[in-house]
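The values are calculated or read from the model by the stated rules, or taken from the named source; none is laboratory data. In this text, all values refer to a predicted model and were calculated from it rather than measured experimentally. Here Cβ is always computed from backbone atoms with ideal geometry, including for glycine, and neighbour counts include all displayed protein chains. Side chains are part of the model used for accessible areas, which takes the heavy atoms of the whole protein and leaves out ligands, DNA and RNA. Shrake-Rupley method; radii C 1.70, N 1.55, O 1.52, S 1.80 Å.
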Amino acid sequence: MDKKELFDTVINLEEQIGSLYRQLGDLKNHIGEVIEENHQLQMENQHLRERLDQSDRDKSFEAENDSAQKASHSDIGEGHDNLARLYQEGFHICNVHYGSIRKEGDCLFCLSFLNKK
């Protein structure tokens, strides 16, 4: 092997290493996205399980009450209360991000919606 072939071989190896480095970076980014998505799905799953448990408890409570008592219990503010509960569970209730998980503290849009009378 002469010097030119040796130099060409080193350049080829360098290009291959660069390509592998880029692929590794892409793979790292993809894994980060998958981990974030997995975390969001775990949170959503936990919230859904809690809501299901709450729903089961509400159904058993409603079964104990008679139908006349149920009719007098429902009022206009029930929808607002449901939205406030969803917000407390970590979901957006504003029209900008409705239904998505709140990642960074409180949302001003949601809070302004909750404070409307």
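Tabulated data for the structure shown
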| read-out | value |
| --- | --- |
| Subset of the range 55-92 that is under 26 Å from F109 (Cβ atoms), open to solvent by 70 Å² or more (accessible area, probe 1.4 Å) and not aliphatic (A, V, I, L, M) - its residue that is modelled with the lowest pLDDT | D75 |
| Residue pairs meeting the criteria (Cβ under 8 Å; at least 6 apart or on separate chains; first touching a residue at least 40 places away in the same chain (Cβ under 8 Å) and over 15 Å from A84 (Cβ atoms), in the range 98-117; second open to solvent by less than 100 Å² (accessible area, probe 1.4 Å) and aliphatic (A, V, I, L, M)) | I101/M43 |
| Contacts under 8 angstrom Cβ, first residue in the range 34-54 being at pLDDT 90 or above, partner basic (K, R) and surrounded by 10 or more Cβ atoms within 10 Å (Cβ to Cβ), 6 or more apart | none |
| Residues of the range 8-66 that turn out to be assigned to a loop (DSSP other than H, G, I, E, B) and farther than 28 Å from E89 by Cβ, as a count | 1 |
